[in-house]
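One structure follows; several queries about it will come next.
The values are calculated or read from the model by the stated rules, or taken from the named source; none is laboratory data. Values in this document were obtained by computation on a predicted structure and should not be read as measured data. FYI the Cβ positions are ideal-geometry reconstructions off the backbone, even for glycines, and counts take in every protein chain you see. Ligands, DNA and RNA are stripped out before the accessible areas are found, and what is left, the full protein with its side chains, is counted by its heavy atoms. Shrake-Rupley method; radii C 1.70, N 1.55, O 1.52, S 1.80 Å.
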Amino acid sequence: ITAYDRISSKEIRVHSNIYEPDFVAVVDDTLLHSVDVTKGLKEDGAILINTQLRKEQILPLLNGYKGKVYVIDARKVCMPMLAAMVKVSEVMEKDVFLKEMEGSLQHKFARKPEVLAGNLAALRMAFEEVK
């Protein structure tokens, strides 16, 4: 599966594939053996890979990509990839992101404050886990 997200402080009206991404998030590291996840990826961007492997073990699987490479073991936390991508891309400050996510999740977990607290803790952890 391939999914595309566009993030901007301005309204976005384009709804198409992205052929030259600034950032790529790989949720399943087994894809590295069958998909060129760096195709079109700008060298001044970055790739974030969910893996238990060290960055040095991943680099040979990236077809010589020269940009920034980050790894996170996302299996440890609940909703890490979004938080990790926010950190990598620097599209918003950590505190702003966490406040926005809290506002969004409060409605969903209004009757379960412990679930809200756990999700927010997972988001904070993701910021720290990116290497």
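Would you check if Lys42 is assigned to a loop (DSSP other than H, G, I, E, B) and free of Cβ contacts under 8 Å to residues at least 60 places away in the same chain?
In short, yes.
Going through Arg13, Arg6 one at a time, which residue ends up being assigned to a loop (DSSP other than H, G, I, E, B) and under 15 Å from the mean Cα position of the chain (by Cα)?
Unique residue meeting the criteria: Arg6.
Restricting to the range 67-81, name every residue that is open to solvent by 80 Å² or more (accessible area, probe 1.4 Å) and modelled with pLDDT under 95.
Residues satisfying the conditions are Arg75, Lys76, Cys78.
Just to check your reading of the model, which residue among Leu31, Leu123, Leu98 is in contact with a Pro (Cβ under 8 Å, 6 or more places away or on another chain), in a helix (DSSP H, G or I) and within 24 Å of Arg6 (Cβ to Cβ)?
Result: Leu123 is the single residue among Leu31, Leu123, Leu98 that is in contact with a Pro (Cβ under 8 Å, 6 or more places away or on another chain), in a helix (DSSP H, G or I) and within 24 Å of Arg6 (Cβ to Cβ).
Separate question: So the check is Cβ under 9 Å with 6+ separation or different chains; which pairs have a first residue in the range 51-63 that's touching a residue at least 60 places away in the same chain (Cβ under 8 Å) and a second one that's open to solvent by 80 Å² or more (accessible area, probe 1.4 Å)?
Lys55/Lys131
In addition: Just to be sure before I move on: is Val86 among the aliphatic types (A, V, I, L, M), closer than 19 Å to Lys131 by Cα and open to solvent by 30 Å² or more (accessible area, probe 1.4 Å) in the structure I sent?
Spelling it out, it is not the case that Val86 is among the aliphatic types (A, V, I, L, M), closer than 19 Å to Lys131 by Cα and open to solvent by 30 Å² or more (accessible area, probe 1.4 Å).
So which of Val27, Val14 ends up being of a type in the set (Val, Ile, Thr) and exposed (fewer than 12 other Cβ atoms within 10 Å of the Cβ)?
Just a single option satisfies the conditions, and that option is Val14.
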